[in-house]
Amino acid sequence: MTVIVVLVGLTVGTYTLKAAGPLLLGGRELPDAVDRLAALLPAALLAALVLVNTFSDGDTLVLDARAVGLVAAALALAARLPFVVVVVVAAAATALTRLAGG
């Protein structure tokens, strides 16, 4: 029962926070600096999540096959390959590294 209460509380809190922006702003436009920052935040957050999931294992720093996959994905992106190909290249590089014992 406690889990349900926590989930309902988190749901209400999430919807409250999501509704706060439009309710508080009314129909006003955001300042240009805030608008530019909001446009950059998703890319920065995604990069941070990728790095944390690639180079950490709990609270230790690791360097394993995931790093090889990340480098392969970066090279594929630099070559301007389609995103599906980037994902396949990264997965293949990671799998081959693990197969080779890395």
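Suppose we filter the stretch 45-66 for residues that are over 16 Å from the mean Cα position of the chain (by Cα) and of a type in the set (Gly, Ala, Ser); how many remain?
Applying the first criterion (over 16 Å from the mean Cα position of the chain (by Cα)) to the stretch 45-66 yields 57-65.
Among the residues that remain, those that are also of a type in the set (Gly, Ala, Ser) are: 58, 65.
Count: 2.
Checking Asn53 against (1) closer than 19 Å to Arg98 by Cα; (2) assigned to a loop (DSSP other than H, G, I, E, B), which single condition isn't satisfied?
(2)
From (1) within 24 Å of Arg98 (Cα to Cα); (2) aliphatic (A, V, I, L, M); (3) surrounded by 10 or more Cβ atoms within 10 Å (Cβ to Cβ); (4) free of Cβ contacts under 8 Å to residues at least 12 places away in the same chain, pick out the condition that doesn't hold for Ala38.
Going through (1) within 24 Å of Arg98 (Cα to Cα); (2) aliphatic (A, V, I, L, M); (3) surrounded by 10 or more Cβ atoms within 10 Å (Cβ to Cβ); (4) free of Cβ contacts under 8 Å to residues at least 12 places away in the same chain one by one, Ala38 breaks only (1).
Condition first: of a type in the set (Gly, Ala, Ser), part of a loop (DSSP other than H, G, I, E, B) and either in contact with a His (Cβ under 8 Å, 6 or more places away or on another chain) or modelled with pLDDT under 90 (or both). Can you find one or more residues in the stretch 20-42 that meet it? First the steps, then the outcome.
To start, the set of residues in the stretch 20-42 that are of a type in the set (Gly, Ala, Ser) comprises 20-21, 26-27, 33, 38-39.
So of that shortlist, the ones also part of a loop (DSSP other than H, G, I, E, B) come out as 26-27.
Then drop every residue that is not either in contact with a His (Cβ under 8 Å, 6 or more places away or on another chain) or modelled with pLDDT under 90 (or both), which leaves 26-27.
Checked the stretch 20-42: at least one residue is of a type in the set (Gly, Ala, Ser), part of a loop (DSSP other than H, G, I, E, B) and either in contact with a His (Cβ under 8 Å, 6 or more places away or on another chain) or modelled with pLDDT under 90 (or both).
Table: residues versus (1) hydrophobic (A, V, I, L, M, F, W, C); (2) surrounded by 11 or more Cβ atoms within 10 Å (Cβ to Cβ).
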{"site": "Met1", "(1), (2)": "yes, no"}
{"site": "Thr14", "(1), (2)": "no, no"}
{"site": "Ala43", "(1), (2)": "yes, no"}
{"site": "Phe55", "(1), (2)": "yes, yes"}
{"site": "Asp59", "(1), (2)": "no, no"}
{"site": "Ala76", "(1), (2)": "yes, yes"}
{"site": "Leu81", "(1), (2)": "yes, yes"}
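The values are calculated or read from the model by the stated rules, or taken from the named source; none is laboratory data. Worth saying up front: this structure is predicted, and the values here are computed from it rather than measured. Reconstructed Cβ throughout: ideal geometry from the backbone, glycine too, with neighbour counts over all protein chains shown.
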